[in-house]
1. Please determine, by comparing only the residues of the range 31-40 that are farther than 13 Å from GLY10 by Cα and within 17 Å of the chain's Cα centre (by Cα), which one is modelled with the highest pLDDT.
2. For the range 66-85, enumerate the residues that are among the polar types (S, T, N, Q) and open to solvent by 60 Å² or more (accessible area, probe 1.4 Å).
Amino acid sequence: LVIDLGCGLGGNVRYCYKLWKEELLTEVSRSRQLFIRGVDFSYEVLARARVNPGLEGKVPISYHQSDIAIDVPAVTGSVDLLLCMNTFAHLCPITPNHSPLPAEWLRVLRGGGASSIERANSPSSTLA
């Protein structure tokens, strides 16, 4: 399972899939089918994301509404790759104890799984 937390319209999932398609399909196909799940807080954004088709008709994408800091819709240890692009900076003030990663994210990531977290929208990275 690849999960994109704060997925917005799903653009990051599509981009990462294009970059890592062979690696993702090879790694996951050894044991199971590849699934991609986008999660966002906004119902409106998710409705727009759902209009976009799956990736090349081969990989199903599902979208779920949730507060990603405290409730990730995934089974414990089921996530192979956790993405959080341009969203993490917005969560830092609200995560319990301002922890570097919400415990909920660590709960869903499988042993040996990977994460990619981008803080590009951080207030400290504003352009002058």
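1. This residue is PHE35.
2. Answer for the range 66-85, where residues must be among the polar types (S, T, N, Q) and open to solvent by 60 Å² or more (accessible area, probe 1.4 Å): just THR76.
The values are calculated or read from the model by the stated rules, or taken from the named source; none is laboratory data. Owing to the predicted nature of the structure, the values given are computational and were not obtained by experimental measurement. To get the accessible areas, we keep the full protein, side chains included, count just its heavy atoms, and leave off ligands, DNA and RNA. Shrake-Rupley method; radii C 1.70, N 1.55, O 1.52, S 1.80 Å.
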